[in-house]
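Note sheet for the following structure.
The values are calculated or read from the model by the stated rules, or taken from the named source; none is laboratory data. These numbers were taken from a predicted model, which means no experiment stands behind them. Neighbour counts run over all protein chains shown; Cβ positions are idealised from the backbone, glycine included.
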Amino acid sequence: MPTHPVSQSGVNSDLVRLDPARLADPQATCEYERQCVLKLLMASTPGMMGALRGIRSIGLRDWCVSGRTLTYVVYSSLLGAPAHQTRMPLSVLCYEPEPAALGVEPKVIQNLRRVVMDERFDLQIVNVAKERSQLVGNIVSCVDEAVLYSPLKALAAGVRLGADGSLNCVAPFGLTSLFKADLAPNPFGQNDTLYLREVNLFQRLWPAGFTC
């Protein structure tokens, strides 16, 4: 499988080219290396670090950018531009149990919509304190737990910006499935309808790029 160039903006020159087969092979690369490459790709995505700084600035109690965004970033680099989508999904999972009237978002989430206004991103917000149980049938107590219940193993990952400006990964199953472009179901997902919806989405965006 050929390697693919990565944007040079803010990128370590030693990590300019990606070898998908090597990254997908747990015998050839370790989890630390895969996390480094994921952080590299996130940091080199135009507008991403500014968006993450904006998200962090509003004081969400618990959050991460979800696997929906990470898969888009990784597969756009490994498989090429998606076939049918024009804007990158910026999918934010947050845990905000603040009481609110029916259909009204907590103020901190309203602020999030005001902070992230970069037109390159399609901002998607899921408050897992209120919505995640409807998706997978589980009540969760934090964002990391919600990541665990993602419908695909490849989606069971997240990235957040730390107080020191570093990127921190959440990956309960590791990142091998993400870099392998493997659409295997997550045994903790418990929602066949959501699983099939995600599979159909990825196969529509990158028709020749996936295994099931």
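Looking at the stretch 168-181, which of the residues that are surrounded by fewer than 19 Cβ atoms within 10 Å (Cβ to Cβ) and touching a residue at least 40 places away in the same chain (Cβ under 8 Å) is nearest to LEU60 (Cα to Cα)? Per the stated criteria, the residue is GLY174. Listed by position, the helices (runs of 4 or more DSSP H) inside the stretch 1-64 whose residues that are basic (Lys, Arg), under 19 Å from CYS169 (Cα atoms) and at pLDDT 85 or above number at least 2 are 31-43, 48-57.
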